[in-house]
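In what follows, a single structure is set out as structure tokens and then discussed.
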Amino acid sequence: MGYTALHACVVLGVLLMTTSGRAAENPGGQRVSFNRDVRPVLSDRCFACHGPDDAKRESGLRLDRAADATAELSGGTRAIVPGKPDESELLARISSTDPDVVMPPPHLGKPVTPAEAAILRRWIEEGAEYQGHWAFTRVERPEVPAVRDAAWCRGPIDRFVLARLERAELSPNPEADRETLARRLALDLTGLPPLPADIDAFVADPAPDAYEQYVEKLLASEHFGERMALEWLDAARYADSNGFQSDTSRSNWPWRDWVIRAFNANMRFDEFTVKQLAGDMLPSATRDDIVATGFNRNNRLNGEGGLIAEEWLVETIIDRVETTGQTWLGLTVGCCRCHDHKYDPITQREFFSLYAFFNSVAEKGILAENRGGGNSDPVLRLPDTRQEDELSRLRRVVEDATAAVRTEEAQVEPLTAAWAESVRSLLGDSASAWEPLEPLEIRSAGGATFRRLDDGSWIAEGADPPSDTYEIEAALPEGTFGGLRIEVIPDPSFAGEGGFARGGNGNVVVTTVEAEIEKPDGSVEKVDLSRAAADYSQEGYDGAGVLPEKSTKKRKDKPKGWAINGHSKEPALRVPRRLAVMASRRLDVDENSRVVFRIRQESFDQHSIGRFRVAYSQADPSLLAVDGFGLAGKVLAAVEAPAKKRTKEQAAVLVKHYRTNVDGPIRRAEAARDAAAKSLSEFDESLPSAMVMREGTVRDSFVLIRGEYDKPGERVTAAVPAFLPPLPAGVKPDRLGFAEWIVSRDHPLTSRVWVNRQWERFFGTGLVKTSENLGSQAEYPSHPELLDWLAAEFMETGWDMKGVIRAVVTSTAYRQSATVAPEALVTDPENRFMARGPRIRLAGEIVRDQALAAAGLLVPTVGGPSVRPWMPDGIWDETSVYGDLRGYKPDTDTGRYRRSLYTIWKRTAAPPTMLLFDAPNREICTVKRSRTNTPLQALALLNETTFIEAAHGLAGRMLDEGGASTADRITHGFRLALGRRPDPVELATLVAGFESDLARFAAATDDAATYAAVGLVRKPDGTTDAEFAAASLAANVILNLDEFVMRE
């Protein structure tokens, strides 16, 4: 579009930062620290072959423990001789130039650098003092350091930061302006941009605690929980699909809502943890406690054909161990599935002892009954108050209907006797059983036509497709309906020299018969056809095969049905054949009702009926036979016997027949009960539900050799790793005890992991840069004392999540300007010492949300089911050839503009824009996203329909709300998007671009109309296409600025 960049981008490269910055942190006069300086080198270069893994240890040398590292080796040497570097074989090996001697071996491509070798030499000179891994030691509250510039500090956090800056001889930046702080805080705490009115009020507020009040307002916002939930959903691998090949749907959004509510309510983190890992096991667990356990039901579930259930049960439990370990402990415990951990002191046996904590959940780990989609057991129904009332009503209806059945059953003997008397006279009048049915219309799915013959039969003419379905519609007189009869008639003109079908060999096969009654009010009642009989059937093709419920059980290639040997030319077989289908009960028929029935003929090609006649019956279906009325021999004998002369056996036969088959008071009461139960079941199934944890049978757990499900080794029981504190005395070794252990005061990892990840969220990098891993391969903390102070503060103030966040964002360190000072860039290029406020690239969800918010399109509703915003056509179809998540259709109502947190997430085809902005696909636990800056991201912001709609919305606000002049309108849009006014150069550039585009669009009105029509957002009334298109391009530029996708 010809716009120039509004801000210059300065790229500086800084070299000679040896040993990942560790050498620079160890000035000459400072004693070498094993944890800070030595462990990272040994862990990265040596522990894979000389660490905790017994099975893979080379030469019997172990370097992660002092006693082993200093022990005499088989050749008489020692790897490390404290105080004697020249006698230490370790130094000789890492400095050797002989490829057969040097360590690590050259083929690994991980040589020890000269700077690292110098650190190791100096450490040995100083006595080679080992330390336990800093993250595995109990958290103790350190002393707050003294600083020279105490006036700069607002609290302990600032003292720790400033002390480190003073040691590095760096000065902190001044505080950022209030406009920048308003946007920084709003994006960090709510994920949404601040309103211009809120910025103005904050900037103008003279109160000494204005900043703190603004923070409290954001912490109290209902959107705080949404922002906090974003990373938690990644860790929990939350999605709206099951994953794997079919990737069918699930609906676990109530768990997501629980997470948001918990963050908003500032639930204690220990409670937040226990409820998610074992809320179902709490005494008197509430509905919310159980919903919380959905955390570990968010895993993928496999529904592929041919899967091995035991294998996927194992995979599911292992996924839970790995996810729990990464989320709460910051450890890569999954490395122990097949062998002892190569870097951390976790054995394979201990891994499967953790596995045992989860090996009692009542779940198979696979999709079974619900392969087509839906939630998998265990589930918890979640009715609201109105739905609870309806459930109560439906349950009462079922109870009343069940009581009515019992009342009628108490009268079964007199009812049976009365029925027997009433039917005795009918049995001798079979001619009245069936009445001719005159069709009003006969339709052929294959295009055939029908002509009525003089005898009342119908003959098919015209098209004769390979298979066909006849749909026959006829009027019914007021009364009752009990069944239908189809009479198939041979004809000399048919195939097979006078068979029953026009084509093929003359035989016919009726696959299925279906029927329904259309009532005068337009409603339709499906007829439950429960019995069928024929006067003749070909072997293997009996009349019962046409019943609808049987059709689903027929062979896969071609369904069977009823056939009559119509291909035979024997005269005895060339006679009319009859098929009768009876309803499960006699139905009442209102005046002006119609019956519609379908005769499906889909079994074989060219086997459709050529000529037929139809009849119906108003009689009790239990009495109907093909040629009239009929009862089975024993039943008939009992009916015909005088009541006073019936034997007990005959009476029992009658009662059983009446109870099972006769459409009398008992069957009607049962039908009412079954209908009520069905209504209750259907309503219950329609309710929202959550996939939850539920204890079942405790299964035996074993060390799985090589991690394979079918190779059990040593039996293990639930236990925690030996290098961590034991389960507290008296705590049961189950899932609840495990959850409580994770948040015990003595646990060294949980609090450090959480506060470090929060620090990473606010400063761009954690105090421990490797926030995903606090094990032996973790980077040493930039501020170890600050990390432990925050961790202790977190636990000792009641695991107060908002308290820690409040302390961080009200610190002077957080408030600093992000301006880069040249001397700080040289000394601390990554800003690990925090001499400035960080600039952080925003997550894709936040980029989209603030674009919609600036456009006035964002629907701020909190919670509820997932929604379908715009995504490209066919986005789901390439990854799933079956399943219920195909043919994606975006919402056109409020769902289109909900927060990105609520976007439906299909694992095999996750929202593409979110993936471009580094979101994980959520197939597995992810506790740390990448941060990239790619051309594809810019192209999405420029061209994707959602962002063009956002540009249209922002343009509309600029035109409607911004005033009369172009400069005022652009200034208004700039403020809505970025929270500040443009400087003169920025404003002049944007105004010039708008005027140039306006002139171009005025001369090319078709182009203007085309651009203005993209998406669903339309121009304001009274605005020309050219003006709207030009304003939209200006808005598009604003939404593409580097500042827009960054948190300054």
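No lab work stands behind these numbers, since they all come straight from the coordinates. All values derive from a computational prediction rather than experimental measurement. Please note: Cβ atoms are built from the backbone with ideal geometry, for glycine as well, and neighbour counts cover all protein chains shown.
Find, among the trypsin sites (Lys or Arg not before Pro) in the range 470-563, those assigned to loop by DSSP (not H, G, I, E, B) with at most 14 other beta-carbon atoms within 10 angstrom.
LYS553, ARG555, LYS556
Tell me, how many Å apart are the Cα centres for the range 320-334 and for the range 66-96?
Their Cα centres are 35 Å away from one another.
Taking a ≥ b ≥ c as the square roots of the Cα gyration tensor eigenvalues, with a/c under 1.5 meaning rounded and otherwise prolate when a/b beats b/c, else oblate, which class fits the range 287-419?
Cα axes put the range 287-419 in the prolate bin.
List the residues, sorted by chain then number, that are 5 or more residues from VAL379 or on another chain and whose placed amide H is less than 5 Å from its amide H.
Here the answer is VAL692, since their amide H atoms fall under 5 Å of that of VAL379.
Just to confirm a number: summing +1 for Lys and Arg and -1 for Asp and Glu over residues other than PHE202 whose beta-carbon lies under 10 angstrom from that of PHE202, what do you get?
Overall, the nearby charge balance is -2.
Once you place label points 7 Å from the Cα toward the Cβ at ARG148 and GLU961, how far apart are they in nm?
4.9 nm
Run the simple label-point estimate for VAL102 and ARG1018 please: 7 Å along Cα→C-beta, distance reported in nm.
Placing both labels 7 Å along Cα→Cβ, they lie 7.3 nm apart.
Check which residues have an amide H placed less than 5 Å from ARG154's amide H, if you skip close sequence neighbours.
THR812
Which lysines, on any chain, are close to LYS906 with Cα under 16 Å apart, when same-chain ones fewer than 8 places away are left out?
The reachable lysines, counting only those whose Cα sits under 16 Å from LYS906, are LYS889.
Through the Karplus equation 6.51 cos²θ - 1.76 cosθ + 1.60, θ set to phi - 60°, convert the phi angles of the range 166-175 into ³J(HN,Hα) values in whole Hz; use x for Gly and Pro.
Whole-Hz 3J(HN,Hα) from phi for the range 166-175: 5, 5, 8, 6, 10, 10, x, 6, x, 5.
Using only alpha carbon pairs under 8 Å that are at least six residues apart, calculate the relative contact order of the chain and give it in whole percent.
In percent, rounded to a whole number, it is 16.
Pairing the Cα long axis of helix 665-686 with the longest principal axis of the chain, what angle in degrees results, from 0 to 90 and rounded to the nearest 10?
20 degrees
Percent relative contact order of the range 18-132, based on C-alpha pairs within less than 8 angstrom and at least six residues apart?
Answer for the range 18-132 is 28 percent.
How much length is gained if the chain between GLU471 and LYS656 is pulled fully straight, taking 0.36 nm per residue apart and subtracting their Cα-Cα distance, in nm to one decimal?
Difference between extended and current length: 62.9 nm.
Using Cα atoms only, what is the angle between the long axis of helix 269-278 and the major principal axis of the chain, expressed in degrees (0 to 90) to the nearest 10?
Computed tilt is about 40 degrees.
So the label point goes 7 Å from the Cα of ARG706 along Cα→C-beta, right? Which residues of the range 318-351 then have their backbone N under 14 Å from it?
338-339
Given a Förster distance of 41 Å, report the FRET efficiency between ASP873 and LEU382 from their Cβ-Cβ distance, rounded to the nearest 0.05.
E between ASP873 and LEU382, to the nearest 0.05, is 0.75.
Where the only charges are on Cβ atoms (+1 Lys, Arg; -1 Asp, Glu), what is the dipole of the range 920-1048 about its Cα centre, to the nearest 20 debye?
For the range 920-1048, the charge dipole is close to 640 debye.
Show the residues, 5+ positions off or on another chain, whose built amide H is closer than 5 Å to the amide H of LEU704.
Here the answer is GLY713, since their amide H atoms fall under 5 Å of that of LEU704.
About its Cα centre, what dipole magnitude does the chain give when the only charges are +1 on Lys and Arg Cβ and -1 on Asp and Glu Cβ, stated in debye to the nearest 20?
Taking the Cα centre of the chain as origin, the dipole is about 1680 debye.
Please list, in order along the range 874-891, the HN-Hα scalar couplings obtained from phi with the Karplus expression 6.51 cos²θ - 1.76 cosθ + 1.60 (θ = phi - 60°), rounded to whole Hz, x for Gly and Pro.
Those phi angles translate into x, 4, 8, 6, 6, 9, 9, 8, 8, x, 9, 10, 9, x, 4, 10, x, 5 Hz.
Which aspartates and glutamates, on any chain, are close to LYS1019 with Cα under 14 Å apart, when same-chain ones fewer than 8 places away are left out?
Output for LYS1019: GLU949, ASP960, GLU961, GLU1027.
At q = 0.11 Å⁻¹, what log₁₀ I(q)/I(0) does a Debye calculation on the Cα points of the range 18-132 give, no solvent, two decimals?
Here log10 of I(q) over I(0) equals -0.32.
Based on alpha-carbon centroids, what's the gap between the range 160-231 and the range 672-726 in Å, whole number please?
That distance is 44 Å.
State the answer as a single residue: which of GLY51, GLY1022, PRO781 lies farthest towards the positive end of the charge dipole of the chain, with beta carbon charges of +1 for Lys and Arg and -1 for Asp and Glu, about the Cα centre.
GLY51
Roughly how tilted is helix 412-424, in degrees to the nearest 10 and between 0 and 90, from the longest Cα axis of the chain?
40 degrees
Starting at the first residue of the range 219-233, write each ³J(HN,Hα) from the Karplus equation 6.51 cos²θ - 1.76 cosθ + 1.60 with θ = phi - 60°, in whole Hz, x for Gly and Pro.
Running phi through 6.51 cos²θ - 1.76 cosθ + 1.60 with θ = phi - 60° gives 5, 7, 5, 5, 7, 4, x, 5, 5, 5, 6, 4, 5, 5, 5 Hz.
What does the charge add up to near PRO890, with Lys and Arg as +1, Asp and Glu as -1, over the other residues with Cβ less than 13 Å from its Cβ?
-1
Below 8 Å, C-alpha to C-alpha, sequence gap of six or more: please give me the relative contact order for the range 943-1047 in percent.
Normalised by residue count, the contact order of the range 943-1047 is 39 percent.
Holding the Cα-Cα limit at 31 Å, pick out from LYS84/LYS769; LYS84/LYS342; LYS364/LYS560 the pairs that are longer than that.
LYS84/LYS769; LYS364/LYS560
Taking the Cβ of PHE738 as the centre, find all other residues whose Cβ is under 15 Å away and add up their charges (Lys, Arg: +1; Asp, Glu: -1).
Net charge around PHE738: -4.
Apply 1/(1 + (r/R0)^6) to the Cβ-Cβ distance of VAL826 and ARG65, taking R0 = 35 Å, and write down the FRET efficiency to the nearest 0.05.
Efficiency at R0 = 35 Å is approximately 0.35.
Sort out for me the Cα centre separation of the range 413-469 from the range 802-867, rounded to whole Å.
A separation of 76 Å, based on Cα centres.
In the range 635-666, which residues have a backbone nitrogen under 12 Å from the label point lying 7 Å from GLU421's Cα in the Cα-to-Cβ direction?
Taking a point 7 Å out along Cα→Cβ of GLU421, the residues of the range 635-666 whose backbone N falls under 12 Å are 643-644.
Where does the chain land on Rg/Rh, using Cα atoms and the Kirkwood Rh?
We get a ratio of 1.10 for the chain.
Name the lysines eligible as straight-distance cross-link partners of LYS526: C-alpha to C-alpha under 16 Å, and not fewer than 8 places from it in the same chain.
Within the straight-line cut-off, LYS526 pairs with LYS678.
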